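Scroll down for the structure; my scribbles are underneath it.
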Amino acid sequence: MFIQTEDTPNPQSMKFLPGQAVLGVGALGMDFPTMGSAAASPLAAMLFETDGVMSVYLGGDFITVTKAEAVEWMHIKPAILGAIADFLTAGMPVLNEGAEAASGKPATPLEDYEGEDREVVEQIIELIDTRVRPAVAADGGDIVFKHYEPRTGVVFLMMQGACAGCPSATMTLKSGIENMLKHYVPEVASVEAVA
């Protein structure tokens, strides 16, 4: 199995492209920020067994691994490539039965918004899903809508994969996403990141 790798804007994260579906086309990504959170995915749990792996993000057709800053890619990249190849060629399920991409779900469900607020949230979610998420997925990450505060106009987004902890993420959030949302949705006053 040939697995391509791509650098990401986050020097601690690398994108691994196995040339086949990981979670599947159109699937919400799943973020595993700690070893304890990886219980839903045997693949993520296996990757955490490599010394220096700090987090794992599974996308539709890619895997992003974030390493500890003190660890060099040249030391752990071969082990990660081997683990991914062995796991996928064995044909084992990437997720345990019943596991779902909870990390991609809003903290405040759409049903909790009413009237004009609901229309605003629908616009925000559509813009993020169509204009932001495909771009950040190309860099090995994801940005997910979590909450909109109608009283203040603040939109809360969660950064995952290579975006979490990326040095340029704050600039992307403020200069790119915030400006776009304010342009298309005048009710938006600012955008904030949440963990």
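Summary table below
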| item | result |
| --- | --- |
| Helix 73-89 vs. the chain, principal-axis angle (Cα, 0 to 90°, nearest 10) | 90 degrees |
| Residue of Asp112, Asp139, Asp31 that the Gaussian network model of the chain assigns the largest fluctuation, springs spanning Cα pairs under 10 Å | Asp112 |
| 23 Å Cα-Cα reach of Lys77 towards lysines, excluding residues that sit fewer than 8 places from it in its own chain | Lys15, Lys67 |
| Nearest 10 degrees, 0 to 90: helix 115-127 Cα axis against the chain principal axis | 40 degrees |
| Shape call, the range 4-89: gyration tensor on alpha carbons, a/c limit 1.5 | rounded |
| Set of lysines near Lys174 by C-alpha distance (under 19 Å), chain-local residues within fewer than 8 positions excluded | Lys146, Lys182 |
| Environment charge at Lys15 (Cβ cut-off 13 Å; Lys +1, Arg +1, Asp -1, Glu -1) | -3 |
| Relative contact order (%) - the chain, alpha-carbon pairs under 8 angstrom, separation at least six | 21 percent |
| Burial ranking of peptide ranges 114-123, 163-172 (average Cβ count within 10 Å, highest at the top) | 163-172, 114-123 |
| Label-point gap, in nm, between Glu149 and Glu114 - each point 7 angstrom along Cα→Cβ | 2.1 nm |
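FYI, it's all coordinate maths here, none of it is from the lab. Every value quoted in this text rests on a predicted model; they were computed, and no experiment measured them. Glycine also receives a Cβ, built like all others from the backbone with ideal geometry; neighbour counts cover every protein chain displayed.
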